[in-house]
Amino acid sequence: MNSKAIINLILIFFLIISLFSCTNKASDNKTHADIIIKNALILTQDSTKRIIENGVIVILNSKIVEIGNNDLTEKYSAKEIIDATDKLVMPGLINTHTHAAMTILRGVADDLPLLEWLYKHIFPLEAKYVNAENVTLGTQLAVLEMIHSGTTTFNDMYFYEDEVAQVCKSIGMRAVLTESLIDFPVPNSKTPQDGLKYSENLINKYLNDSLITIGIAAHSPYTCSPWLLQESKKLADKYNVPYNIHLSETKWEVDTIQKTYNLTPVGYLDSLKVLSENVIGAHCVHLSDSDIQTIANKGVGVAHNPQCNLKISSGVAPIPELLKAHAQVGLGTDGVVSNNDLNMFEEMNTAAIIHKYTHNEPTVMNATEVVDIATIGGAKALGLDKKIGSLEVGKLADLIIIDLNKPHLIPLYNIYSQIVYSVDGSDVETVIINGKIIMKENKIITIDEKEVLSKFKEFAENLKKNLNEQKTDYNQ
Ligand SMILES: [Zn+2]
């Protein structure tokens, strides 16, 4: 046999092999996907409140492409197949109000009167320690904590939000990020004008980003001039982005605004034409009946932060009344200095219980309503409900997997009750955001968690030393 014949034989051999493998693919006839989750109990949170037993979710790129029963495994193949037997799959939780990087001050001052706590402890420490490096570190820790406890989107209001965005992108976390605008100089803006410019630059930098939505934050009606409230709202409207503001948080705020403008904080913002659908009011604890109506009519989102409101004794927000008026209500933790964690499961539990007490009525805020505000309700409040908040075909794949095979989660009669009254954040086992696995079986895979924790401890040791030295100076 000459060399030409040998080459021909080899070519024929490879042709047969490739034909054979093509035939295999054809007989397999499965559509390729990235991730398949099978054998799951699926809480969709769609408009029909569909719950699927032995369900399958198929993910391709960033989206859910199919959701249904186990038959779907015949139709799809994927490299990553997650067997969710005895596990719950539900939409990732949406924290509608926090200040993530405040983790650097967790537990530094607690159980103090509000004004002493703020002016003697939190504000001076922020002035000294809030910088780009510490915000990066604080946000890393916060994002780790949020992922471990099932949050897949958070709405942040703080400083150095460009650094916050970079942390979120590197870990794979979804976030709405808003730089706090305030009348006085803050760590990275000397004037409100600088702050507005910073926010606009940030909006343009992250335009169409797959994880980051940049919005605007006016700190509150009492720390922002009417000019700043209106200019910042104009900027939010120009780019059609979310607008965060602390609103009617304390009785003191209501009295102060009432004294100055003869209006409630909600009435005052309405008189400035600040209230509309892109606004998210954090807290909304002290509302009149007409405030509730204004919030509902204007489509303003409300971020309910029950644990923070209780801890600093600001009161209990009229959430059942807001829901009755069809306001868009989401759930949030606020920053850890007033909570002191970012665990949305705890927050759900508190949200379910406090209104029963204040209304002297155990049917108020049932478990289904509470899960709603922590998922699709939060998405609506942030204006992101077309993308996230429920598990539906075409939506982004932001979901969490919870291990139900634990003593405190057995028996299972009602999944909503289980989520609100029994599940803890630490039961979250796997987290997928934007179609990517961020935590698998309790291990975060996009960042070295140990390294973040050890850096953080080092930072805290230094802070503690400085505080002790200050105390000694003061005593001398
Ligand atoms: Zn806040």
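Quick notes on this structure:
- Among all positions in the stretch 227-239, there is no residue which is open to solvent by 10 Å² or more (accessible area, probe 1.4 Å), under 22 Å from Asp156 (Cα atoms), more than 16 Å from the ligand (Cβ to nearest atom) and in a loop (DSSP other than H, G, I, E, B).
- Residue in the stretch 250-274 that is most open to solvent (accessible area, probe 1.4 Å), counting only those that are touching a Ser or Thr at 6+ places or on another chain (Cβ under 9 Å) and outside any helix (DSSP H, G or I): Leu263
- When restricted to residues that are of a type in the set (A, V, I, L, M) and more than 16 Å from the ligand (Cβ to nearest atom), the stretch 97-108 contains 1.
- Restricting the stretch 79-93 to residues that are among the β-branched types (Val, Ile, Thr) and assigned to a strand (DSSP E or B), the residue that is farthest from the ligand (Cβ to nearest atom) is Ile81.
- Among the residues listed as Ser288, Ser314, Ser390, the single one being within 16 Å of the ligand (Cβ to nearest atom), hydroxyl-bearing (Ser, Thr, Tyr) and either open to solvent by 10 Å² or more (accessible area, probe 1.4 Å) or touching a residue at least 24 places away in the same chain (Cβ under 8 Å) (or both): Ser314
- Hey, Thr358 surrounded by fewer than 22 Cβ atoms within 10 Å (Cβ to Cβ) and of a type in the set (Val, Ile, Thr) or not: yes
- Search result, residues across the stretch 64-76 that are crowded, with 17+ Cβ neighbours inside 10 Å and not in a helix (DSSP H, G or I): Ile64, Val65, Ile67, Tyr76
- Of all the numbered requirements in (1) farther than 21 Å from Gln140 by Cα; (2) surrounded by 15 or more Cβ atoms within 10 Å (Cβ to Cβ); (3) hydrophobic (A, V, I, L, M, F, W, C), Leu207 misses one, and that requirement is (2).
- Just one of the listed residues (Asp71, Asp110, Asp86) is acidic (Asp, Glu), touching a residue at least 24 places away in the same chain (Cβ under 8 Å) and over 30 Å from Val336 (Cα atoms), namely Asp86.
- Restricting Glu321, Glu346, Glu277 to residues that are away from the ligand (no atom under 14 Å from the Cβ), open to solvent by 30 Å² or more (accessible area, probe 1.4 Å) and either closer than 21 Å to Tyr421 by Cα or not charged (D, E, K, R) (or both) narrows the list to Glu346.
- Residue ID - farthest from His304 (Cα to Cα), chosen from residues in the stretch 247-269 that are touching a residue at least 60 places away in the same chain (Cβ under 8 Å) and within 24 Å of the chain's Cα centre (by Cα): Thr250
- Filter pass, Asn309 being of a type outside the set (Asp, Glu), more than 15 Å from the ligand (Cβ to nearest atom) and open to solvent by less than 50 Å² (accessible area, probe 1.4 Å): no
- Scanning the stretch 177-188 for residues that are within 14 Å of Glu126 (Cα to Cα) and touching a Leu at 6+ places or on another chain (Cβ under 8 Å) yields a total of 0.
- In the set Thr358, Thr333, Thr294, only one residue is among the β-branched types (Val, Ile, Thr) and within 24 Å of Ile400 (Cα to Cα); that residue is Thr333.
- Enumeration of residues in the stretch 324-340 that are surrounded by fewer than 22 Cβ atoms within 10 Å (Cβ to Cβ) and small (Gly, Ala, Ser): Ala325
Yes/no per residue for (1) part of a helix (DSSP H, G or I); (2) open to solvent by less than 20 Å² (accessible area, probe 1.4 Å); (3) within 16 Å of the ligand (Cβ to nearest atom); (4) modelled with pLDDT of 95 or more:
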| position | (1), (2), (3), (4) |
| --- | --- |
| Ile42 | no, yes, no, yes |
| Val56 | no, yes, no, yes |
| Asn95 | no, yes, yes, yes |
| Lys120 | yes, no, no, no |
| Glu145 | yes, no, no, yes |
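- Qualifying positions in the stretch 210-226 - touching a Lys or Arg at 6+ places or on another chain (Cβ under 9 Å) and either aliphatic (A, V, I, L, M) or surrounded by fewer than 16 Cβ atoms within 10 Å (Cβ to Cβ) (or both): Ser210, Leu211, Ile212, Ile214, Ile216, Ala218
- Qualifying residue in the stretch 161-178 (condition: of a type in the set (Ser, Thr, Tyr), more than 21 Å from Lys443 (Cβ to Cβ) and open to solvent by 10 Å² or more (accessible area, probe 1.4 Å)): no
- The single condition from (1) over 26 Å from Met348 (Cα atoms); (2) within 15 Å of the ligand (Cβ to nearest atom) that Leu207 fails is (2).
The values are calculated or read from the model by the stated rules, or taken from the named source; none is laboratory data. Every value quoted in this text rests on a predicted model; they were computed, and no experiment measured them. Note that each Cβ is placed from the backbone with ideal geometry, even for glycine, and that neighbours are counted across all protein chains shown. Just so you know, the surface numbers come from the protein's heavy atoms only, side chains and all, with ligands and any DNA or RNA stripped out. Shrake-Rupley method; radii C 1.70, N 1.55, O 1.52, S 1.80 Å.
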